[in-house]
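A.B. asks: Quick one: structure below, then a few questions.
The values are calculated or read from the model by the stated rules, or taken from the named source; none is laboratory data. Predicted model, so just to flag it, every value in this text is computed and none were measured. Cβ coordinates were reconstructed from backbone atoms using ideal geometry, including for glycine residues, and neighbour counts include every protein chain displayed. Side chains are part of the model used for accessible areas, which takes the heavy atoms of the whole protein and leaves out ligands, DNA and RNA. Shrake-Rupley method; radii C 1.70, N 1.55, O 1.52, S 1.80 Å.
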Amino acid sequence: MKNLALLWWMLALAGALHSQTTSFNVELEEVSMPAFPALQSFVEGHHGGKWLLIGGRTEGLHRRQPFAAFDPDFNNTSIYVVDLNSGQAWSKPLAGLPSELSAQLSSSNMQFRQRDSVLYITGGYGYSPVAQEWITHPRLTAIHLPGLINAVVNGGEITPHFHSLTDERVRVTGGYLGLLGDEFYLVAGQNFEGRYNPMGPSHGPGFFQAYTNAIKKFRIADNGGTPAISDYTETVDTANLHRRDYNLVPQVFPDGEAGFTAFSGVFQYNADLPWLNTVDIRSSGYTVNNDFQQFLNQYHTAHVPMYSAFLNEMHTVFFGGISRYFFNAAGVLTDDPEVPFVKTISLVTRHGDGAMEEVKLGDMPALLGAGAAFLPAEALPLLPNGVLDFDALADGQVLGFVAGGIESTLPNVLFLNGDNLSAASNRLFRVVIRKSATPVVDINGERYFGLKLFPNPGGNKLTVNFSVPLSEEVQLTVTDAAGRTVKQEKRQVDNGEYEWYFDVSDWVPGSYFVELKNTRYRTQQSYIKGQ
């Protein structure tokens, strides 16, 4: 691929992690590929070094006026195949497929998951020429990727490579479809029927909206013909699973079990604002985590999960999108209840003790990321559930690409009038990991400091946890974003683990750096003081 324009952003993570035992950076390199389609909220599958892209929209954020919202003229009615290595792309129209199937495949916010060489798709929202209405599709579709990719590239017949059925249980949009072992998890989302109207369901043309509030678990039997759903169970929690347009990310939990975490999403019952808590999902059930609040990257966006078995740390990196909270130019965490487009790139780490921490890594080059996808590179070291094996990643290894999504000209555009305020993007960013030496020092097999701050982001109380293998004097220094010292003290400590407690209620909300050092070693970690 010819790199006609290169743009590098170093997103330094030094000092930002919970214990300083995983120091790494990620770099973004913008890669020019004019043939890549401009799409957002689409479906992707891969086979043989090529990516298949289906559905989504060819415009930016939907308009607020019901007559203009989700205009079918901006449905993606083509099937795309792209080769990120050669820069080539091929396309073929959906025309010719059965009408109900083509209507689903041109919708947006479908749920999807690939198993081996078959891509499974459920639901999706958009205009249906068959129903002559905007609907959420009650359909499960299986796509044979090798055959369809070959047909698109070589101009063959596409119909034989689709198998679909109608099932009301999968009438969902804005949720996620996960795969754990041989069981699929259709998590959260909604059924939306009619035209979008920000004034509510009883205004104008009106609409019907019902969140699933559910984790739907099932198996898909597939012998190459029409797939069948079996062993279906449904768990409903109207208080905690009432969310959509979020990120469901494969995880490895501290006990080694694989599962998922449902991050943030919208909307709360008492306000049109994102959730701040998260939900952990295992094969045995789910747990709501109210001990952690996700302030950054709250809508569906490109993300990449990585797990270090050596350190028992689960990392999830989020790239841009939409969020209620962001850092302003002065480095202060800012609350915008209009929930704007943001540039933020953030990291959420789950540590071996189960504590979760969120830090900002850097910024996208523009207001990008909402409805984007992360397309993993080939031959990556993967764990069985698709999480990247962090320990096996080499320094400088390409992780994949942040692709497509919405690019906005301003943070808040929904209630502005104009035709060019946001657009579907065809920009590609190669993601590279940069590993570096850890500032944590081992002495006789014991780690020095292992600094932990919690809760982080926090409120009025801060706990500083660390350990030392020797008796000595330790100095703690806290500086604000401008480099001013706001806290400093020295204490004599003996060999062991310590927790120091601080009242930070008088600290101004924003970013701080906590440094711990003795006469030979030092470590530093960022801390976010919330409102």
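A.B. asks: Solvent-accessible area of R434, probe 1.4 Å, all protein chains present, reported in Å² to the nearest ten, please.
C.D. replies: The value for R434 is about 80 Å².
A.B. asks: Check which residues have an amide H placed less than 5 Å from G362's amide H, if you skip close sequence neighbours.
C.D. replies: I345
A.B. asks: Using only Cα atoms and rounding to the nearest 10 degrees, what angle (0 to 90) does helix 145-154 make with the longest principal axis of the chain?
C.D. replies: With rounding to tens, the tilt is 60 degrees.
A.B. asks: Work out from phi, with θ = phi - 60° and the Karplus expression 6.51 cos²θ - 1.76 cosθ + 1.60, the ³J(HN,Hα) of each residue of the stretch 341-353, listed in order in whole Hz, and give x for Gly and Pro.
C.D. replies: Each residue's phi maps through the Karplus curve to give 5, 9, 9, 4, 10, 10, 10, 10, 10, 9, 8, x, 8 Hz.
A.B. asks: For the chain, which span is the longest to avoid every loop-located (per DSSP) member of GluC sites (Glu not before Pro) having at most 15 other Cβ atoms inside 10 Å?
C.D. replies: Result for the longest clean stretch: 1-156.
A.B. asks: Would you grab the residues whose amide H sits under 5 Å from the one on G400? Only those 5+ places off in sequence or on another chain, please, with H modelled 1.01 Å from N.
C.D. replies: Correct list: A377, V431.
A.B. asks: Stokes-Einstein at 37 °C, 0.692 mPa s, Kirkwood radius from Cα pairs: D for the stretch 256-327 in µm² s⁻¹?
C.D. replies: Here the translational diffusion coefficient equals 243 µm²/s.
A.B. asks: Report ³J(HN,Hα) in whole Hz for each residue of the stretch 237-250, in order, from the Karplus equation J = 6.51 cos²θ - 1.76 cosθ + 1.60 where θ = phi - 60°; Gly and Pro get x.
C.D. replies: 9, 5, 7, 10, 9, 7, 8, 8, 6, 10, 10, 9, 10, x
A.B. asks: Could you order Y512, Y211, Y501 by accessible surface area, starting with the largest, using a probe radius of 1.4 Å?
C.D. replies: Largest to smallest exposure gives the sequence Y501, Y211, Y512.
A.B. asks: Looking at the chain, how many pairs of lysines come closer than 19 Å at the Cα, when each pair is eight or more places apart or spans two chains?
C.D. replies: Close lysine pairs under the 19 Å cut-off: 16.
A.B. asks: Also, I was wondering about something else. As a test of reading the structure, rank D503, D391, D245 by solvent-accessible area (1.4 Å probe, protein chains only), most first.
C.D. replies: Descending order: D503, D391, D245.
A.B. asks: Over the alpha carbons of the stretch 217-301, what is the largest minus smallest coordinate on each principal axis, giving the biggest first in Å?
C.D. replies: Result, largest extent first: 44, 32, 24 Å.
A.B. asks: Whole-Hz Karplus ³J(HN,Hα) for the stretch 266-272, in order, using 6.51 cos²θ - 1.76 cosθ + 1.60 and θ = phi - 60°, x for Gly and Pro?
C.D. replies: Karplus values, whole Hz, x for Gly and Pro: 9, 10, 5, 5, 8, 6, 7.
A.B. asks: What number comes out for accessible area per residue over the stretch 334-403 if the probe is 1.4 Å? Units Å², please.
C.D. replies: Per residue, the stretch 334-403 has 32 Å² of solvent-accessible surface.
A.B. asks: Related question: Rolling a 1.4 angstrom probe over the protein heavy atoms, how many square angstrom per residue are accessible across the stretch 58-167?
C.D. replies: It amounts to 38 Å² per residue over the stretch 58-167.
A.B. asks: Keeping all protein chains in place and using 1.4 angstrom, which order do T212, T233 fall into by accessible surface area, from largest down?
C.D. replies: The most accessible residue leads, giving T233, T212.
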